[in-house]
Structure formats: structure tokens, C-alpha cells
1. What does the structure give for A:24-35 when I average, per residue, the other chain Cβ atoms found within 10 Å of the residue Cβ?
2. Ratio of Rg to Rh for the stretch A:11-50, alpha carbon only, Kirkwood?
3. Over the Cα atoms of chain B, Rg to Rh with Kirkwood Rh, two decimal places?
4. Can you tell me which aspartates and glutamates have their Cα less than 20 Å from the Cα of residue A:83? Leave out same-chain residues fewer than eight positions away.
5. Accessible area of the protein assembly as shown with a 1.4 Å probe: how many percent of it is carbon plus sulfur?
6. With respect to the cross-link table entries A:9/A:57; A:14/A:57; A:57/B:99; A:57/B:69; B:69/B:99; A:14/A:71, which display a Cα-Cα separation exceeding 21 Å?
7. Contour minus end-to-end for residue A:10 and residue A:77, with contour as 0.36 nm per residue of separation and end-to-end as the Cα-Cα distance?
8. Relative to a virtual label point 7 Å from the Cα of residue B:52 in the Cα→beta-carbon direction, which members of the stretch B:1-30 show backbone nitrogen distances below 16 Å?
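The values are calculated or read from the model by the stated rules, or taken from the named source; none is laboratory data. Since this is a predicted model, take the numbers as computed values, not measurements. All Cβ positions, even for glycine, are placed from backbone atoms using ideal geometry, and neighbour counts span all protein chains on display. Ligands, DNA and RNA are stripped out before the accessible areas are found, and what is left, the full protein with its side chains, is counted by its heavy atoms. Shrake-Rupley method; radii C 1.70, N 1.55, O 1.52, S 1.80 Å.
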Amino acid sequence: DGGITQSPKYLFRKEGQNVTLSCEQNLNHDAMYWYRQDPGQGLRLIYYSQIVNDFQKGDIAEGYSVSREKKESFPLTVTSAQKNPTAFYLCASSLHNTEAFFGQGTRLTVV
Amino acid sequence: GQQVMQIPQYQHVQEGEDFTTYCNSSTTLSNIQWYKQRPGGHPVFLIQLVKSGEVKKQKRLTFQFGEAKKNSSLHITATQTTDVGTYFCAGGNTGGGNKLTFGTGTQLKVEL
């Protein structure tokens with residue numbers, strides 16, 4: 001069953017901690033993306049990757065880091081440098097210039 | 001950088017009324033995509049437009065791409081309660097690559 005999977009669905013983080021959000025796809029897509037969505041807001045691009053071992057900063061990359069060691073995986077680390085990390089995080093993947101498929105999202109809350 | 005704005009931000013309609021959301025980019029786009037996000041869900045792809053002036057229809061939904069490839073619109077005829085959600089446009093950049101810039105979204109509520 002092909003798709004894109006994000007885990008966990010809910011995540012709680014203490015202030016000062018780094019946390020890593022998982023994103024895995026078995027669609028054989030080259031491109032993968034991380035977006036952040038705040039309540040009632042649009043999607044803002046954090047990082048994207050067009051190919052393995054390569055990634056580019058999006059519009060709000062500060063306080064985040066990513067890696068793309070495998071085609072199927074694009075984990076996002078929210079570091080302690082991100083001052084306002086509470087948000088809904090969405091991972092997506094696509095072929096070149098075609099529709100993006102989204103995961104179910106991870107809701108991160110700082111406690 | 002590229003910015004994509006949508007208006008209106010919110011729209012309340014009575015069931016059976018029409019609805020339109022407009023998308024405007026600060027730069028020329030290679031393509032425009034539209035997505036729908038139900039409350040509590042994730043964005044789901046609706047359609048992609050590539051050609052200047054292109055118009056596509058999906059049942060009660062009509063999508064247009066402007067002649068200058070900098071704006072787009074989504075029109076829903078005779079809304080139904082199942083149309084409730086937030087509609088996003090997403091623009092592909094002309095510089096190549098796969099970067100998608102999402103618009104700010106229009107939240108649609110449909111009342112009986």
C-alpha cells in the first residue's frame with residue numbers, strides 16, 4: 001500500500017529539547033518537503049529536497065534541520081533554537097512538478 | 001522571495017450559493033495547483049494547471065489559470081456541506097526544481 005507516513009501523530013516537547021519528526025514515503029518520489037501550519041494559517045515551507053543527499057532552505061528554516069540520506073526518508077529536527085515550535089507539521093513528496101502527496105501530519109506542542 | 005496570496009481569507013455561504021477564491025503570485029508561475037484541506041486533515045490535491053489561460057472543470061468546480069500565469073481562481077457552483085474546508089493554491093517556481101509555494105488559503109464554511 002503506497003503512501004507517505006509521518007510519525008508520531010502527536011508530540012510533546014519540553015523547552016530546550018531537540019525533537020525529530022519522521023517522514024517516510026514508498027512512492028519512489030524524488031522531491032520531499034516539510035511545511036509548518038499554524039492555526040488558521042497557510043502552509044509555510046521549512047525545507048525541501050529534490051534528490052538524495054541534497055536539500056534547500058525554505059522560507060522559515062531557522063531553528064530546524066533536515067537530512068536526506070535515503071530517498072524514502074526526510075526527517076525534520078526541531079532544535080531548541082526554534083523559539084515558537086508549537087504547530088502542525090506536514091511532510092509531502094512529489095515527482096517533478098506534479099501533485100504533492102501529504103502525510104497525516106504531526107502536531108507538536110511545547111510543554 | 002515568491003509570495004502567493006489568496007482572497008478572501010474566510011467565506012461563509014448558504015448551501016446552494018456559489019463560492020470563488022482568488023490566488024495571486026508576486027512572480028510568474030510554471031504551474032498552479034489547488035488543494036483542499038478538511039478540518040483536522042491534511043491537504044489533498046485537486047488539480048494542476050500548466051498553460052496560460054487554461055480552464056479545467058471537475059463537476060461543480062471550475063479552475064482558471066491567468067494569461068500572465070500569475071493568478072488563478074477556483075469557483076464552486078451551488079455549494080454543498082461537503083465542500084467545507086480550506087482551499088489552497090500552490091505555485092511552482094519558473095526557476096526549475098520542485099519548490100511549491102502555498103497560498104494563504106481560503107476557509108469555506110457552508111451553512112444549511
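1. Mean shielding by partner chains, rounded to a whole number: 1.
2. In the stretch A:11-50, Rg relative to Rh is 1.03.
3. 0.97
4. A:15, A:38, A:59, A:62
5. C and S fraction of accessible area: 49 percent.
6. The answer is A:9/A:57; A:14/A:57; A:57/B:69; A:14/A:71.
7. Taking residue A:10 through residue A:77 to full extension adds about 22.6 nm, to one decimal.
8. It comes to B:27-30, nothing else.
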